[in-house]
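Take a look at the structure set out below.
The values are calculated or read from the model by the stated rules, or taken from the named source; none is laboratory data. This one's a predicted model, so the numbers in the text were calculated from it and none came from an experiment. Cβ atoms come from the backbone with ideal geometry, glycine included; neighbour counts cover every protein chain shown. For accessibility, only protein heavy atoms count, side chains too; no ligands or nucleic acids. Shrake-Rupley method; radii C 1.70, N 1.55, O 1.52, S 1.80 Å.
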Amino acid sequence: MDTSLLSESVANIVNVNHNNEGIKVNPNTIKYGGLIASIEGSSILNIQNLYGSNLFGGYGAFTVTDNSSLSIKDIILDNISGNKQGGVLLYSNNENELASSFNVINGTFTNFYQDYEYISSTFIFIKKNIEISLNDCKIDNLYGRNAHEYSANIELNNVSLRNHITSIPSSFIRVDSISNTERILIKTNSADINISSSSFESIRNCGYTEECLKLLKNWNSGINDSSIAEIGPESNLTIMETSFTEVLGMTGFKAEKSSVIILDSCTLVMCFFEEGMILIDTNSYKNVGHYIINGGYFLSVMGGRSTIVTIKEIDSTSSVEINFSFFDSCFSVDYGAGIVYSLSYSNSTNTNISFNEWGPSISLSMTKESEPYFSNKDDLIIENPDGFVTNPTKMILSPDSVNSTSILSGEILSETIKCKNIFNK
């Protein structure tokens, strides 16, 4: 259906079965529009009870532009392929100052394939000024080549996403300028995203996909991406009562200047972040921003140096506040354990990183002054006396240690040197 010739029209579609199984279709037949419907010219389209399968070509199943509105209730789409720049589900471009809207209630989307080899999307591709709302949706198996998503305001409520796989670094939701070196679940720039009561499972960034690693090697590009979200300046991401399972990446989140990421009562299970779930480094404009974690349960979250927070450098452009959260069986591969790992010598760490009433674990910092603030530190020390560690400041020989010896090159020490480390606790 095309509403471009019917400006400001209103249409309703009910009870549709659209199945192209067994039909040979030239994917280039649809040059500009959507596989199912194209809405533009300030038009309104309402769809209820739609089943579609084995559809190929076009800029997406739906295209929405020019202050138009598409509302869908009860939709199932399976085995949908795109071969142009748009998203396999939705494409929106050339928006004016009045925003279009795309709303879905009770949707199931499975086996989406994006065959376009350049910048495109496995799910949603939006260039400018549109509002998106997905409620009670299930998304399984998205496959693409160079897939990205753009938007302005997005709301996901009770959405389940499982298996997001692409052969080129990509995002699931993206709001930013084009980039070819990232593989992220959510990427925004000057946008507001709200996610609630949802689940995300089996998300792999480029470092864990053989084909993508080979591609980056050919580009002579390193891997420095986040696997859950990367938000640009003046953006807000709020995630409530949502679970993340088996997410693997260099980091979980990144944020730019004046941006805020809030995790409220979220659960992370069996995740691995090489640089920690949150990486703070004020030497990089992508690793600043402000984080607030309220409540939540973190089970078997692993990392290289740290599992939750890694601090390289920090100042007033960054902060992390973790309140009433519990961490169970979280450990780092390189240093054995550690919810927090601080490389910074800045006193800003103690001011801008705070943990309030949280479960026992370990903090490893360069100095006592650069250690984050823990509201219940005394209680944690009673439970785990070695829970807070800094680098050794000096070494003292034990009374029963040999205090002098001589050895030639290639010889083995015959006497034991005993000492104890004095940490800056």
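Here are some notes:
- Once the range 258-267 is narrowed to residues that are open to solvent by less than 50 Å² (accessible area, probe 1.4 Å) and not in a strand (DSSP E or B), the residue that is farthest from ASN323 (Cα to Cα) is SER259.
- The range 268-281, residues that are in contact with a helix residue (DSSP H, G or I) (Cβ under 9 Å, 6 or more places away or on another chain) and either open to solvent by less than 40 Å² (accessible area, probe 1.4 Å) or aromatic (Phe, Trp, Tyr) (or both): PHE272, ILE280
- Enumerated strands (runs of 3 or more DSSP E) restricted to the range 30-83, each holding at least 1 residues that are of a type outside the set (S, T, N, Q) and open to solvent by 30 Å² or more (accessible area, probe 1.4 Å): 44-56, 69-82
- Some residue of the range 296-310 being of a type in the set (A, V, I, L, M), in contact with a strand residue (DSSP E or B) (Cβ under 6 Å, 6 or more places away or on another chain) and farther than 19 Å from SER202 by Cα: yes
- Subset of the range 84-105 [at pLDDT below 80 and open to solvent by 10 Å² or more (accessible area, probe 1.4 Å)]: LYS84, GLN85, ASN93, ASN94, GLU95, ASN96, GLU97, LEU98, ALA99
- If you go through the range 317-336 and pick out every residue that is of a type in the set (D, E, K, R) and either in a strand (DSSP E or B) or open to solvent by less than 50 Å² (accessible area, probe 1.4 Å) (or both), you end up with 2.
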